[in-house]
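Accompanying notes for the structure given below.
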């Protein structure tokens, strides 16, 4: 059990002295309190005392300057290693102090630390980071240039269990090193995982520890030891973001996403006005609930009775869609509160995105006081197709499907609508989040988790206002429904001032990458990937195992599909002898069984059909990747029809395994792909990579969700 | 100057003794002869002699077993380091010999090497590799786990100049280490480059050196030293591939690609036969040269007089297209030779691809004797649009353009035709290479280099039969025309037996990657990328500098486009103050100048037009990336027309800089993209990544070609 009181005492003293970092000896006390092994050591304030301490520890020792003003001790000439006797220790004291004075004449020098010099070992780094979005994280990497130059480092939300910490050891690129390479010994993994977990517990227990750097930690077969420790403090951390309870979120979000009554504040009959577009989209979209136009002077808009305020509406209202200037929003929000409306859809811009942070803070304040949740501001609105609801000024869209999408940016939202229409992709919802003054991704996830109309969730994210809350919810939701995230702004960070190696990684894209992965989220690397994953994941059934088979009519496609499988961490099933023989029954002697199965280009439809049937019916094959090649003998539409039929027959028998197809050939393959897509078989023209990437995304999800 | 005679003597002795590896002392002699620094050392055959040698060298020394049967000395307990005096050296001798006996009782133990122990230094690895396609390569990486675990290694074709070798130092991920990080010293780069160049010269001069491993090489600020050297020999290397001279290639290829007379051997009137499809495609494609059907029994095919053999044709024939079974090919080739036909297009399959290697060797032999170049066998044929030539059994295609494509696989060839037709992509040629029994990529490059109808070349490659010849030609051609390569089979290598770290890398995809990059080739990572690059590169003008500007109507697009620029190594121009002020004249106060320039979503066409004009006319901006957002105020076609007009006006003024556009919005953006594509402005819907990737490919080429 950690000794929290001991740490509390150390930090209280530091706070009293208005310092922002711990001395080496204080850091040792903190480590001792949390079972983080550190070398034997003592603090010398005279050269003679250095000799005494060194004698007691035993040689060799290393000696280091102790000064709150000198963070990079080596740069200051403040470290001497390999001291082998008392005389050397005495001399080293004077040299170190002199060098430190030389480096910074004003530095407050507290003394020289005399420390047991550890035997050669694998050096690793363990750190504590405060990320602006995710809060406390523990970081781990191999020491030296692997972290500093190659950035080979991984993260976990703190506190991390020892199991999590153990998994971190395998996540770095150099993982093999810890297991011992070319005669080197394996390190004590349990001890290392324990140290990481203890660091993560420490920074969780004491939020004022803003950065922590154990660099290096020596890892040997017999244990671990943090040779150098740096701990930085920030006694004035940012306040946590407001978060209602799960039930409050779900209650409000359910009424907001599936409203029975909608008010349009600023409804208008004027062509081209947002309040007019929203009214039209609601009506033309086929919304069956009540629509209440609100306008101070109109009596009727588009044939609907108009009210001067939501407070005058006789019926229930679940959402109010705001189509009024920013300056009028706060007042109308108050009326929404009075009326008991749970959600306001804030289309207006003119808030934080144009620098009006105070105006935004004001509406958040009013909304909270009135118990109204805010979507936006600065959004296009949202769609919920299963209610025929187009609560937006954009074009209406109503193709029903099982994927819910959200976007932080309006441009991306329009791309979602356009792509969906073009690809005939059914959706359950499309939601604009804009400035995310209140409702954000974790609110949406909480709703979509239990929404029977949604089976896949895809989100475009520029920043997570509360990454930790998102990770918590995503980790749970992704167990049952795939969550795809396109994290934009991967490279827009710029430099951030920080005083430790790991501290400098806060806000880094690697942090997003690690946390999203740990949360079971499928990260899309591009807008097009996000859209294709959204389309494809709702179509593909969950595979029952890792065995993927490639079946192709063109050897060249087989090679490209194999490359794509490797790129997407898919496993080509080793071909069992009996199945190999079964395939060989159908393919020419010079065709290749094995995997890929190459039926060769000259084969008639019957060969495609027979080998596809074999693949669908054999339970050892869990997923099927087909590489079709356009020939006169088996033209594109003939292939499409036979594949459609084969899959339909298999499904009728209860066999539903993922089938994806890459079609190469002349333009007729586009029609064949459309035909197959219409039958829920993923088929793409002129590409080997896309079908495999979508299958790979499904596998990534299934593995993270523990289904494989 | 290297002492080649000394090396020749050593290798001759090894050959006489039928050994496949050098002893440590032989390796030292070889290194000495090529100015490769190695430690002082001597060979002890008794314990007492070990003591004598150690005394002479000075302490500390390291001692190592010398045995042709023990390659991994450390594993055998055959290395002791840090020997500080004579007694220790004597004892070490006996321990090493005992350990070696224990490891392999049958090992031939020649003695123990006594070697100067070097001071601590940065460890690097330099190696010599024999790649099955590229031949001799020199490899370089940082020592230890960086090569062995992280595979951070780079290659050059040997011999490499010192300049090349110097560039290698910057190509590895850990390059920064060599310049000194966190207080570590920079290494002597000139000495290291010199050592790499010398190794590359050595393995070039002596092809029988199959693998060479200097591991580690110690690099310090004062020089370099190869501490351990392993040299393996193969006195029976594969014979080089046949290669005609440049002029012979060009002479034949010009007649083949632009024939004035075409014979179709196996021409047929029978619907569905290949000899019928080829005849039809020639005629329907509009080919204006002479067409001579050849058939033993027909007198006329599709209205053309038929001959029984090419030898009976009265006119000149430049290519014979073979539409006959494999078994008949050799005989007909002989007749082609007799007639003086320079090229045979071998559509038939039934050769190496189905295991008939001897039959293929036979036709190659016949062709060489008859001075006929072979395209194929096992191909769809080829297209050369500027002659209206469809020498193929596939569908005809004749859209003229400036890109020439080739594919090793028929499936990929059909994808090229289909994509081209669908995207309305003009081509100069599409060529199937199939088994590449003779004509391969470097023959095509030699022709396309001087073909005025071709400005971009894109190739699908599964293996390069002669990678070195390809690299030579590609390096030259890519200086004037972009060469795109999709290398398939990146991951199909499997394990390869090798006895050294660097030797194990032969045939690795990293070798292809390094050599293609050095040859100025743009490597496409997917089929779709290859096709998009082919389409885009012929449209984009060469940029005059690195400054890229993003201009967007949606902040969200700007973020995605910035990510894409970073992914593609594009440089966002730092915005000069005067230009910033000029943009601010047009955009709302809350819009963002800087880069990206965000004109915001509510702006009318005039704002788009004014800011686009500003971007086109300012010479400091070298390339323009536009992120359009679909709004009612500036609908897609209005945007497309204004952009088309702006670019046309700029072009009329002689301003021709790359412009690419990402359009996000509802389906109308597809029409807008088509409109822009028709006007040679690259525009893509629903994606931020694709336009930037194509621009990135153009930059990669321009940099490699020395134009930037």
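The values are calculated or read from the model by the stated rules, or taken from the named source; none is laboratory data. This is a predicted model, so every value here is computed, not measured. Positions of Cβ are backbone-derived with ideal geometry, glycine not excepted, and every protein chain shown enters the neighbour counts.
With respect to residue B:549, is the statement that it is more than 14 Å from every other protein chain (Cβ to nearest Cβ), part of a loop (DSSP other than H, G, I, E, B) and in contact with a strand residue (DSSP E or B) (Cβ under 9 Å, 6 or more places away or on another chain) true?
The answer is no for residue B:549.
Check whether at least one residue in the range A:186-199 is assigned to a loop (DSSP other than H, G, I, E, B), touching a strand residue (DSSP E or B) at 6+ places or on another chain (Cβ under 7 Å) and over 27 Å from residue A:475 (Cα atoms), and report yes or no.
Within the range A:186-199 (the criterion being assigned to a loop (DSSP other than H, G, I, E, B), touching a strand residue (DSSP E or B) at 6+ places or on another chain (Cβ under 7 Å) and over 27 Å from residue A:475 (Cα atoms)), the answer is yes, since at least one residue qualifies.
Looking for whichever is in contact (Cβ under 8 Å) with a residue 12 or more places away in the chain, in contact with a helix residue (DSSP H, G or I) (Cβ under 6 Å, 6 or more places away or on another chain) and surrounded by 23 or more Cβ atoms within 10 Å (Cβ to Cβ) here; the options are B:444, B:433, B:464. Which one fits?
Only one candidate qualifies: B:464.
Select, from B:664, B:694, the only residue that is surrounded by 23 or more Cβ atoms within 10 Å (Cβ to Cβ) and facing another protein chain (nearest Cβ under 9 Å).
B:664
Filter the range A:569-581 down to the residues that are within 12 Å of another protein chain (Cβ to nearest Cβ) and either without any contact (Cβ under 8 Å) to a residue 60 or more places away in the chain or surrounded by 18 or more Cβ atoms within 10 Å (Cβ to Cβ) (or both) and list them by number.
Passing the criteria: A:570, A:572.
Rundown of residues vs (1) touching a residue at least 40 places away in the same chain (Cβ under 8 Å); (2) within 26 Å of residue B:556 (Cβ to Cβ), yes/no style:
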{"position": "A:332", "(1), (2)": "yes, no"}
{"position": "A:341", "(1), (2)": "yes, no"}
{"position": "A:345", "(1), (2)": "yes, yes"}
{"position": "A:352", "(1), (2)": "yes, yes"}
{"position": "A:366", "(1), (2)": "no, no"}
{"position": "A:380", "(1), (2)": "yes, yes"}
{"position": "A:383", "(1), (2)": "yes, yes"}
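Results for (1) in contact with a strand residue (DSSP E or B) (Cβ under 9 Å, 6 or more places away or on another chain); (2) surrounded by fewer than 19 Cβ atoms within 10 Å (Cβ to Cβ); (3) more than 25 Å from residue A:204 (Cβ to Cβ), shown as yes or no for each residue.
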position	(1), (2), (3)
A:1	no, yes, no
A:5	no, yes, no
A:25	yes, yes, no
A:34	no, no, no
A:38	yes, no, no
A:43	yes, yes, yes
A:55	no, yes, yes
A:58	yes, yes, yes
A:78	yes, no, yes
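Exactly one condition in (1) closer than 24 Å to residue A:526 by Cβ; (2) part of a helix (DSSP H, G or I); (3) away from every other protein chain (no Cβ under 14 Å) is not met by residue A:646; state its number.
Tallying (1) closer than 24 Å to residue A:526 by Cβ; (2) part of a helix (DSSP H, G or I); (3) away from every other protein chain (no Cβ under 14 Å), residue A:646 fails exactly one: (1).
Tell me yes or no: at least one residue of the range B:582-596 is within 14 Å of chain A (Cβ to nearest Cβ), modelled with pLDDT under 90 and in a strand (DSSP E or B).
Checked against the condition, which is being within 14 Å of chain A (Cβ to nearest Cβ), modelled with pLDDT under 90 and in a strand (DSSP E or B), the range B:582-596 yields at least one hit.
Identify, from the list B:626, B:632, B:669, B:612, the residue that is outside any loop (DSSP other than H, G, I, E, B) and within 11 Å of another protein chain (Cβ to nearest Cβ).
B:669
Given (1) farther than 17 Å from residue A:692 by Cβ; (2) part of a helix (DSSP H, G or I), identify the lone condition not met by residue A:564.
Failing condition for residue A:564: (1).
So, of the residues in the range B:23-44 that are in a loop (DSSP other than H, G, I, E, B) and out of contact with any helix residue (DSSP H, G or I) (no Cβ under 6 Å at 6 or more places or on another chain), which turns out to be nearest to residue B:125 (Cα to Cα)?
B:37
Taking the range A:320-362 on its own, how many of its residues are within 29 Å of the chain's Cα centre (by Cα), in a helix (DSSP H, G or I) and crowded, with 20+ Cβ neighbours inside 10 Å?
Total satisfying the criteria: 1.
Just the residues that are within 11 Å of another protein chain (Cβ to nearest Cβ) and either assigned to a loop (DSSP other than H, G, I, E, B) or under 23 Å from residue B:171 (Cα atoms) (or both), please, taken from the range B:513-546.
Result: B:524, B:525, B:526.
Where in the range A:45-160 are the strands (runs of 3 or more DSSP E), entirely inside, with at least 2 residues that are away from chain B (no Cβ under 14 Å)?
The strands (runs of 3 or more DSSP E) meeting that bar are A:61-66, A:111-116, A:122-131, A:135-142, A:153-157.
Scan the range A:694-708 and give yes if some residue there is within 28 Å of residue B:425 (Cβ to Cβ), touching a helix residue (DSSP H, G or I) at 6+ places or on another chain (Cβ under 7 Å) and modelled with pLDDT of 95 or more, otherwise no.
yes
If I filter the range A:658-665 for residues that are modelled with pLDDT of 95 or more and out of contact with any strand residue (DSSP E or B) (no Cβ under 9 Å at 6 or more places or on another chain), do I get at least one hit?
no
Would you check if there is a residue in the range B:38-59 being closer than 27 Å to residue A:184 by Cβ and without any contact (Cβ under 8 Å) to a residue 60 or more places away in the chain?
Checked the range B:38-59: at least one residue is closer than 27 Å to residue A:184 by Cβ and without any contact (Cβ under 8 Å) to a residue 60 or more places away in the chain.
For residue B:492, indicate whether it is crowded, with 23+ Cβ neighbours inside 10 Å, within 13 Å of chain A (Cβ to nearest Cβ) and modelled with pLDDT under 95.
So residue B:492 does not fit the description; no.
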